[in-house]
Amino acid sequence: MGGNEIVLFPVAAMGHLNPMVELGKLFLRQGLSVTILILQFPKFDNKPINSYIDTVSAANPALSFHRLSSPPSTVEAPTFIHHFRLAIPQLQDYLSCNSSATALVLDFFFDDAIDVINKMNPRLPCYFFFATSASNLAAFLYLPFLHKELTVSFKDLGDTPVNFPGFPSPIPAFDMPIRISDRSSEAYKSVIVQFDRLPKSSGIIVNSFRALEPKALAAIAAGLCTPGRTMAPIYCVGPITSMDGQEHNETAGSERRHYSLTWLDGQPRGSVVFLCFGSMGGAFPEAQILEIAEGLERSGQRFLWVVRGSLPEVDLEAVLPEGFGERTKGRGLVVNWWAPQASVLGHAAVGGFVTHCGWNSALESIVAGVAMIAWPMYAEQRMNRVFLVEEAKIAAEMPGYRDGLVRSYEVEEKVRWLMESSGGKEMRARAAAVRERAKAAMQEGGSSYEDMVKMVYSLTTAGGGERPTVDHLLSSTWG
């Protein structure tokens, strides 16, 4: 590699890898060389990731992927993330053999790498990519300080509201991510250390835009989330979503237009509710699949529903109510396992999105201007629900998600509310307006465009020289 080489090191899981790859494409457009480091472990199912990398590499030959050797199989780690943290020696070896690196962009889970890199090469700028919202960043940055004030675990506080500077509303303790619910756990302790380290970096890149989360960004800038400490610069360069219209099919690997899009072509504008729950969260038990089916049928609404079971191929006839397909024929389509989510959301026929509230999915919905029904499941998704429902007001909460089983009448009522009521109409109008703000942020002179310019300058200079221009920034994003 020659010139300005940016080395990206994401966690090799789709929710982290995909936005980092899209960030890499932005760097390519600025004339930078980009290498993405991949570390995988034999004990995990790596087939979807490998297929995704093959697809991206074929479409973007200038994007270089380099596979690091896996740590010894005998090494044990207490959590999923700890497995990836074992990769620091491999990262050191790579950087030792590749002196052309201008800057390093790490997934925020690789926080412990910053101390190692600073000792190894203190002149190498080290940034973190935060793939979720600025509101979540504000909350997590404050967590080390909140830790000193609290004496009990979040899991013991029930629905007690927890206040974070910059977060739009108090977060019920119940809605904090499970991995930090117990203050005595190793996972919790690692998160405290993690967000104590992030402010020491050269900068934090956030997949959001300033008009979407002004309160959180103002609180971070004012030092409210890191009292008494110096804070790294924040670069909001989002929404970073799939930019070239090419989405990866985990199972089929086909380049043909997905049949769900053809089906949508025959539906009225804004009439279809899309249900999709991510690559990890949507494997519902049969009891929940039945409840969703009954609710959709009784709602009378048009729908496109991606069903994921415990296996890649679900026997739909076995899990759906008898005669369901025949009774909903023409107004409903059930897709087995996968559909091109961003393309579906961008289709004119889609008017609502029932989602697990993963941040990537939320941003795709925002880019498409589609209002959401929030059904969070794991990780930070319940925190995203708070933001989307209570602050942005572009999502409505699905009742019953806390109970472990959402009932059919709850699905029916909420879907009908979004598509038929005056309140649902107002929410859909707000979602359309947020889309325009997102579009403005990414265009020349917009906040994300300008943050990208500043970040490229920061990545590629030591403080001198002319400000680089950013040509063709996101020119095809909005097509």
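Condition check: among the small types (Gly, Ala, Ser), at pLDDT 90 or above and buried (at least 18 other Cβ atoms within 10 Å of the Cβ). Does Ala13 satisfy that?
On the way: among the small types (Gly, Ala, Ser): yes; at pLDDT 90 or above: no; buried (at least 18 other Cβ atoms within 10 Å of the Cβ): yes.
So Ala13 does not fit the description; no.
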**Study point:** Pro168 being out of contact with any Pro (no Cβ under 8 Å at 6 or more places or on another chain), surrounded by 15 or more Cβ atoms within 10 Å (Cβ to Cβ), modelled with pLDDT under 95 and in a loop (DSSP other than H, G, I, E, B)
**Key:** yes
Check your understanding: Does at least one position in the range 21-33 carry a residue that is surrounded by 21 or more Cβ atoms within 10 Å (Cβ to Cβ) and polar (S, T, N, Q)?
Key -> yes
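Yes/no per residue for (1) modelled with pLDDT of 90 or more; (2) of a type outside the set (Asp, Glu); (3) assigned to a strand (DSSP E or B):
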| position | (1), (2), (3) |
| --- | --- |
| Met1 | no, yes, no |
| Glu22 | yes, no, no |
| Gly31 | no, yes, no |
| Val34 | yes, yes, yes |
| Phe41 | no, yes, no |
| Ala58 | yes, yes, no |
| Val75 | no, yes, no |
| Pro78 | no, yes, no |
| Gln90 | no, yes, no |
Point to revise | Exclusive hit being in contact with a Leu (Cβ under 7 Å, 6 or more places away or on another chain) and either surrounded by fewer than 18 Cβ atoms within 10 Å (Cβ to Cβ) or in contact (Cβ under 8 Å) with a residue 60 or more places away in the chain (or both), set Met419, Met442 | key: Met442
**Study point:** Phe129 being crowded, with 19+ Cβ neighbours inside 10 Å and either more than 26 Å from the chain's Cα centre (by Cα) or within 26 Å of Pro214 (Cα to Cα) (or both)
**Key:** yes
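So which residues in the range 193-218 are of a type in the set (Lys, Arg) and part of a helix (DSSP H, G or I)?
Step one: list which residues in the range 193-218 are of a type in the set (Lys, Arg), which gives 197, 200, 210, 215.
Answer for the range 193-218, where residues must be of a type in the set (Lys, Arg) and part of a helix (DSSP H, G or I): Arg197, Lys200, Lys215.
Counting just the residues of the range 367-406 that are aromatic (Phe, Trp, Tyr) and surrounded by fewer than 21 Cβ atoms within 10 Å (Cβ to Cβ), which one comes out nearest to the chain's Cα centre (by Cα)? I'd like the intermediate steps shown before the answer.
The initial filter retains those residues of the range 367-406 that are aromatic (Phe, Trp, Tyr), namely 375, 378, 387, 401.
Now restrict to residues that are surrounded by fewer than 21 Cβ atoms within 10 Å (Cβ to Cβ): 378, 401.
On the way: Tyr378: 12, Tyr401: 20 Å.
Out of the qualifying residues, it is Tyr378.
Scan the helices (runs of 4 or more DSSP H) fully inside the range 255-332 and keep the ones with 2 or more residues being modelled with pLDDT of 95 or more. So that I can check it myself, show each step before the final result.
Details: elements: 259-265, 278-281, 286-299, 316-319, 324-327.
Filter on the range 255-332 gives 259-265, 286-299, 324-327.
Specify which of the listed residues (Leu26, Leu8) is at pLDDT 95 or above, outside any loop (DSSP other than H, G, I, E, B) and either of a type in the set (Gly, Ala, Ser) or closer than 25 Å to Met442 by Cβ (or both).
Leu8
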Exercise for review: For residues that are farther than 23 Å from Glu391 by Cβ and of a type in the set (Gly, Ala, Ser), scanning just the range 333-366, find the one that is surrounded by the fewest Cβ atoms within 10 Å (Cβ to Cβ).
Suggested key: Ala348
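Which residues, counting only those in the range 92-126, are assigned to a strand (DSSP E or B) and crowded, with 21+ Cβ neighbours inside 10 Å? Spell out how you get there, then give the answer.
First, the residues of the range 92-126 that are assigned to a strand (DSSP E or B): 101-107, 126.
If the condition is that a residue be assigned to a strand (DSSP E or B) and crowded, with 21+ Cβ neighbours inside 10 Å, then Ala103, Leu104, Val105, Leu106, Asp107, Cys126 are the ones that fit.
The values are calculated or read from the model by the stated rules, or taken from the named source; none is laboratory data. Because the structure is predicted, anything quoted here is derived from the model rather than measured. FYI the Cβ positions are ideal-geometry reconstructions off the backbone, even for glycines, and counts take in every protein chain you see.
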